[in-house]
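Peer 1: Before I ask anything, here is the structure I am working with.
The values are calculated or read from the model by the stated rules, or taken from the named source; none is laboratory data. Because the structure is a prediction, the values reported are computed rather than measured. Positions of Cβ are generated from backbone atoms using ideal geometry, with glycine treated the same way; all protein chains shown enter the neighbour counts.
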Amino acid sequence: MKSVICLAVLGAILLGGCVSVQEAAPPAAPAGKRVLVPGNALYSAAVAHEETIYLAGVIGRSETGDVSEATRQAMDAVKTNLGKAGGAMGDLLKCTIFMTDIEQYGPVNEVYAEYFESDPPARTAIAVSALPFGALVEVECIAGR
């Protein structure tokens, strides 16, 4: 055993400049992670990792302040982005709804329920002080494939 180690060390000394050391490659992205729906420079609209699709939040606005119209706009965008990512509304596992007025919880629920025939995903509804671009509602979701 000692002779093998000695020969290896002697070989390394004699070859000196011939031994090349390769730099370590940068770490790869997690296996299976890929953008399914491009967004903009700040975020992707949908990203998949393994068997999960993560949808960015989409907003709903209404010129008249109609929260039902805003909710429908946001849910239509969820459905569109999910479809572009190869999923369907039945694949949703969890949704989070942000709304600027908790008093509008009832109308938001009524519209939200229209998008699920049965077995709706788990959901959280949160009142926030404001949303981007004067939106009344924002919805983000996670789906399984």
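Peer 1: Could you figure out which of (1) surrounded by fewer than 17 Cβ atoms within 10 Å (Cβ to Cβ); (2) in contact (Cβ under 8 Å) with a residue 12 or more places away in the chain isn't true of residue 87?
Peer 2: (1)
Peer 1: If you don't mind, there's one more thing I want to ask. Scan segment 67-103 for residues that are assigned to a loop (DSSP other than H, G, I, E, B) and out of contact with any strand residue (DSSP E or B) (no Cβ under 8 Å at 6 or more places or on another chain) and report the count. Break it down stepwise before answering.
Peer 2: Filtering segment 67-103 down to residues assigned to a loop (DSSP other than H, G, I, E, B) leaves 85-88, 100-101.
Right, trim to out of contact with any strand residue (DSSP E or B) (no Cβ under 8 Å at 6 or more places or on another chain) and you get 88.
Going through segment 67-103 one residue at a time, the tally reaches 1.
Peer 1: Modelled with pLDDT under 95, surrounded by 17 or more Cβ atoms within 10 Å (Cβ to Cβ), in a strand (DSSP E or B) and of a type in the set (A, V, I, L, M, F, W, C): is that true of residue 143 in this structure? Break it down into steps so the answer makes sense when it comes.
Peer 2: Numbers: modelled with pLDDT under 95: no; surrounded by 17 or more Cβ atoms within 10 Å (Cβ to Cβ): yes; in a strand (DSSP E or B): yes; of a type in the set (A, V, I, L, M, F, W, C): yes.
For residue 143, the condition - modelled with pLDDT under 95, surrounded by 17 or more Cβ atoms within 10 Å (Cβ to Cβ), in a strand (DSSP E or B) and of a type in the set (A, V, I, L, M, F, W, C) - is not met.
Peer 1: Report, by residue number, each residue of segment 104-127 that is in a strand (DSSP E or B) and either loosely packed, with under 14 Cβ neighbours inside 10 Å or in contact with an Asp or Glu (Cβ under 6 Å, 6 or more places away or on another chain) (or both).
Peer 2: So in segment 104-127, the residues in a strand (DSSP E or B) come out as 122-127.
122, 124, 126, 127 - these are the residues of segment 104-127 that are in a strand (DSSP E or B) and either loosely packed, with under 14 Cβ neighbours inside 10 Å or in contact with an Asp or Glu (Cβ under 6 Å, 6 or more places away or on another chain) (or both).
Peer 1: Residues in segment 95-125 that are in contact with a helix residue (DSSP H, G or I) (Cβ under 6 Å, 6 or more places away or on another chain) and among the aromatic types (Phe, Trp, Tyr): how many?
Peer 2: Number satisfying all stated conditions: 1.
Peer 1: Is segment 47-61 home to any residue that is at negative phi and of a type in the set (D, E, K, R)?
Peer 2: Taking every residue of segment 47-61 in turn, at least one turns out to be at negative phi and of a type in the set (D, E, K, R).
Peer 1: Assuming residue 44 fulfils every condition listed in (1) free of Cβ contacts under 8 Å to residues at least 60 places away in the same chain; (2) of a type in the set (S, T, N, Q); (3) within 19 Å of residue 137 (Cα to Cα) apart from one, which condition is it?
Peer 2: (3)
Peer 1: Listed residues 36, 136, 92; which is in contact (Cβ under 8 Å) with a residue 60 or more places away in the chain and in contact with a helix residue (DSSP H, G or I) (Cβ under 8 Å, 6 or more places away or on another chain)? Quick ask: steps written out before the conclusion?
Peer 2: Values: 36 fails: in contact (Cβ under 8 Å) with a residue 60 or more places away in the chain; 92 fails: in contact (Cβ under 8 Å) with a residue 60 or more places away in the chain.
Of 36, 136, 92, the one residue that is in contact (Cβ under 8 Å) with a residue 60 or more places away in the chain and in contact with a helix residue (DSSP H, G or I) (Cβ under 8 Å, 6 or more places away or on another chain) is 136.
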